[in-house]
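See below for the structure under consideration.
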Amino acid sequence: MEPNDQPEKPVISTKVDAFFLSVYDIFRFISRFFREVLRPPFEVQEFIRQCFMVGYKSLALISLTGFITGLVFTKQSRPSLAEFGATSWLPSLISIAVIRALAPLVTALICAGKVGSSIGAELASMKVTEQIDAMEVSAINPFKYLVVTRILACTVCLPLLMSYTALVGMMGSYLDIHLNEQTSITAFFAKAFANISFLDLFSSFFKSVCFGFTIGVVSCYQGFNASQGTTGVGKAANVAVVISMFLIFIEEIVIVQIINSIR
Amino acid sequence: MKTFTPEIDWDDVVISIRGLFKSFGSNHVLRGVDLDLHKGENIVVLGRSGTGKSVLIKIIAGLLKPDAGTVNVLGQEVPALGTAELRELRLKIGFCFQNGALYDSMTVGENLAFPLKRNDPKMTADQRRRLIDIVLDAVGLSQTINQMPAELSGGQRKRIGIARTLILRPEIMLYDEPTAGLDPITCTEINDLINEVQKRFKTSSIIITHDLTCARTTGDKIAVMKEGKFIRKGDFETVFSDNSDELIREFYDYNFTQ
């Protein structure tokens with residue numbers, strides 16, 4: 001017997017149906033991640049390799065961006081504070097700005113661009129050249145090997161990179177302050193951390209974990225579900241970056257609101 | 001023609017497909033496919049592009065789910081299998097993709113070692129190396145062990161793809177267009193390799209192709225697919241002795257009279 005020949009009618013409209021189906025698909029993708037992440041065997045070697053790719057390979061870009069962010073922010077803030085004779089507040093101002101907001105956001109945006117596009121394109125090209133199917137037919141779980149390791153690496157490495165960005169940003173700021181006020185590094189960091197609370201550090205780490213997870217999930221989902229041949233590879237990389245950045249800003253707003261209500 | 005007589009066990013069916021249907025949206029790709037593959041037999045599925053040949057073997061390997069019909073492989077109903085059982089079954093099925101589907105980021109040796117490491121973690125590096133040498137020797141590419149897939153020719157990639165499936169010692173081989181895009185000499189080498197695999201590793205195979213030379217050289221039986229159904233099955237002579245069907249006539253004329 002031939003199965004039903006009638007094409008399925010959309011529930012609302014084709015586009016709206018497709019949107020809700022893709023949302024459902026993403027939730028299934030995330031729930032599969034949580035199921036697979038706890039189930040042995042653990043792909044430790046691939047996880048370490050991915051940490052190297054996400055973390056170590058991003059250090060140069062993060063160093064440059066973090067340093068310049070700290071330096072420029074200090075230079076831009078100085079005239080405003082100088083008007084009130086409050087340049088001594090610069091270390092506190094910079095540390096609050098860098099640790100609370102700039103370091104997590106700058107790190108996440110850079111990683112969304114660099115790591116997100118790379119993961120999206122890599123997995124998409126594996127998909128369109130049937131390498132993922134080849135794993136499947138070799139009795140290897142491609143989700144565990146490719147997706148779980150990459151999402152975990154992003155989630156683990158983003159907080160570490162964020163800490164590094166904060167440190168480098170503070171060093172950039174110190175350079176400018178030292179050149180203008182001849183402040184010692186000890187005095188600078190003493191002033192900088194005087195107004196930083198545990199909640200500030202915790203919120204930054206928490207934000208980075210969320211951002212890392214988001215970048216990992218979005219880019220892996222786009223790559224793993226790529227189609228349309230080589231065009232799909234470019235599209236997956238592009239969409240991975242755009243959606244990651246969009247979600248990072250949304251998460252930033254939500255987390256800041258929550259933290260401010262606790263503070 | 002085949003240069004040897006394969007040992008086919010006509011009483012032992014390794015793949016049995018009945019009433020298989022598969023559609024992608026409004027595109028009805030398979031429309032009631034029936035097929036039996038016996039132990040030690042090579043069946044060539046011939047047909048024009050887009051008639052559902054690759055879909056058929058992807059359903060056999062459990063990569064796609066059928067809409068209707070039964071797919072019994074080595075006594076197990078593939079669409080009904082759970083993830084763990086399907087993985088177990090896949091160890092007995094070798095799937096050779098059209099372009100080799102080699103992992104770009106790994107050398108040839110790593111490509112071959114990868115399925116072994118994942119499926120038999122207790123195997124020592126020496127044991128793995130010995131198996132890799134055996135399969136590379138079987139496909140005649142021992143010298144490529146340290147090369148990256150990008151450094152290989154199309155024919156070499158396909159051979160390494162075959163080697164990668166052989167390393168798990170499958171009982172069934174599924175070849176997706178093994179000679180597509182290759183020059184005639186490389187095609188002959190691949191055809192000989194498919195026969196060599198059947199003879200040496202005692203595999204049963206389904207070979208998807210639209211190359212009649214490949215079909216004649218490697219197939220013990222030919223099944224011609226048209227619009228999602230088999231329109232003729234039998235040995236090469238039987239299938240092509242009657243050219244009343246337009247597709248059969250066109251295939252024969254295109255391949256042998258040009």
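The values are calculated or read from the model by the stated rules, or taken from the named source; none is laboratory data. Because the structure is a prediction, the values reported are computed rather than measured. Positions of Cβ are generated from backbone atoms using ideal geometry, with glycine treated the same way; all protein chains shown enter the neighbour counts. SASA here: full protein model, heavy atoms, side chains in, ligands and nucleic acids out. Shrake-Rupley method; radii C 1.70, N 1.55, O 1.52, S 1.80 Å.
Of note:
- None of B:ILE145, B:ILE208 is among the hydrophobic types (A, V, I, L, M, F, W, C) and within 15 Å of the chain's Cα centre (by Cα) except B:ILE208.
- Residue that is nearest to A:PRO159 (Cα to Cα) [pool: residues in region A:26-48 that are in a helix (DSSP H, G or I) and without any contact (Cβ under 8 Å) to a residue 40 or more places away in the chain]: A:ILE48
- Against the numbered list (1) in contact with a Lys or Arg (Cβ under 9 Å, 6 or more places away or on another chain); (2) open to solvent by 40 Å² or more (accessible area, probe 1.4 Å); (3) within 14 Å of another protein chain (Cβ to nearest Cβ), A:ASN180 comes up short only at (3).
- The single condition from (1) closer than 28 Å to B:GLU77 by Cα; (2) open to solvent by 20 Å² or more (accessible area, probe 1.4 Å) that B:GLU110 fails is (1).
- Number of positions in region A:201-214 that are crowded, with 17+ Cβ neighbours inside 10 Å and within 13 Å of A:ARG263 (Cα to Cα): 1
- The number of residues in region B:62-82 that are within 12 Å of another protein chain (Cβ to nearest Cβ) and touching a residue at least 60 places away in the same chain (Cβ under 8 Å) comes to 0.
- Counting only helices (runs of 4 or more DSSP H) wholly contained in region B:83-187, the ones carrying 1 or more residues that are away from chain A (no Cβ under 14 Å) occupy B:108-119, B:125-138, B:154-166.
- In region A:127-144, the qualifying residues are those that are open to solvent by 20 Å² or more (accessible area, probe 1.4 Å) and facing another protein chain (nearest Cβ under 8 Å), and the one that is farthest from B:ASP120 (Cα to Cα) is A:THR129.
- Sole residue being surrounded by fewer than 21 Cβ atoms within 10 Å (Cβ to Cβ), of a type outside the set (Ser, Thr, Tyr) and more than 12 Å from chain A (Cβ to nearest Cβ), chosen from B:VAL13, B:VAL45: B:VAL13
- B:LYS202 being of a type in the set (Lys, Arg) and over 17 Å from the mean Cα position of the chain (by Cα): no
- Odd one out for B:VAL139 among (1) open to solvent by 70 Å² or more (accessible area, probe 1.4 Å); (2) under 15 Å from B:GLY161 (Cβ atoms); (3) among the β-branched types (Val, Ile, Thr): (1)
- Looking only at residues of region B:48-61 that are within 21 Å of B:LEU89 (Cβ to Cβ) and open to solvent by 20 Å² or more (accessible area, probe 1.4 Å), we find that the one that is farthest from the other protein chains (Cβ to nearest Cβ) is B:VAL55.
- All conditions but one from (1) open to solvent by 30 Å² or more (accessible area, probe 1.4 Å); (2) more than 30 Å from A:ALA86 (Cα to Cα); (3) within 14 Å of the chain's Cα centre (by Cα) apply to A:GLN222; the one that does not is (3).
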